[in-house]
Amino acid sequence: MYEGVVQELIDELGRLPGVGPKSAQRIAFYLLQTEDDQAQKLAQVLMEVKERVRFCEVCGNVTEETQCNICRDSRRNRTAICVVEESKDVQAIERTREFRGLYHVLGGAISPIEGIGPDQLRIKELMARLGNPEIQEVIIATDPNLEGEATATYLTRMLSPLGIKISRLASGLPVGGDLEYADEVTLGRAFEGRRTVN
């Protein structure tokens, strides 16, 4: 335990997702050893992010405008919406260059343990968007974990009566992986999602 503001810095860094106590301590001491102008720049950028960045009024992605660049892009396929949990998922899908439609960011996944239910997610906004007759397909791209599966199941039940095509991203074995190290759920999904090759 350190004294004063050093411990406060470590505690605050430790609240960040994916940053444990040792990483928080390492980052804190790195910051203490950096030049003053580097620390000032980091503090300035943090304040600017909080002041300027907001969520797109259409899809919920991060942006500095009222709408994100994807929603503003008239070249995007407006008949398909890919539903993701977080803005970082949009960027992951965009890097593949396989999807040219629109997105809808839920802002998380259903997790009763964390007290997150459907009402805490942007599902009402999704339903409102699906009132547009132009939309023909919803692709559910939630994480392949317990919370993501619960969210996908809930969304499927909600969207089925609308008569819109609903699809789910395939999941299974990673490229370069070994069968012996795959867990049962992953291997089961790989069998479910198999495709004909001849």
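The values are calculated or read from the model by the stated rules, or taken from the named source; none is laboratory data. No experiment lies behind these values; they were computed from the predicted model shown. Counting neighbours? That spans all protein chains shown, and the Cβs are built from the backbone with ideal geometry, glycine included.
Select, from Ala150, Ala128, the only residue that is in the same structural domain as Glu98 (by TED's automatic domain parsing), aliphatic (A, V, I, L, M) and within 23 Å of Arg189 (Cα to Cα). First the steps, then the outcome.
Working: Ala128 fails: within 23 Å of Arg189 (Cα to Cα).
Within the list Ala150, Ala128, the selection yields Ala150.
Applying the selection to segment 1-27, what residues are of a type outside the set (A, V, I, L, M, F, W, C) and assigned to a helix (DSSP H, G or I)? Walk me through it before giving the result.
The first filter runs over segment 1-27 and keeps only residues of a type outside the set (A, V, I, L, M, F, W, C), leaving 2-4, 7-8, 11-12, 14-15, 17-18, 20-23, 25-26.
If the condition is that a residue be of a type outside the set (A, V, I, L, M, F, W, C) and assigned to a helix (DSSP H, G or I), then Gly4, Gln7, Glu8, Asp11, Glu12, Gly14, Pro21, Lys22, Ser23, Gln25, Arg26 are the ones that fit.
Any idea how many residues of segment 28-73 are closer than 13 Å to Tyr103 by Cβ and outside any helix (DSSP H, G or I)?
Of the residues in that region, 11 qualify.
Is there a residue being within 22 Å of Arg75 (Cα to Cα), surrounded by fewer than 16 Cβ atoms within 10 Å (Cβ to Cβ) and at pLDDT 95 or above anywhere in segment 140-158?
No.
Mind listing whichever residues of segment 119-128 are surrounded by fewer than 16 Cβ atoms within 10 Å (Cβ to Cβ) and touching a Leu at 6+ places or on another chain (Cβ under 9 Å)?
Looking only at segment 119-128, we keep the residues that are surrounded by fewer than 16 Cβ atoms within 10 Å (Cβ to Cβ), and these are 119-120, 124, 127-128.
Within segment 119-128, Met127 is the sole residue that qualifies.
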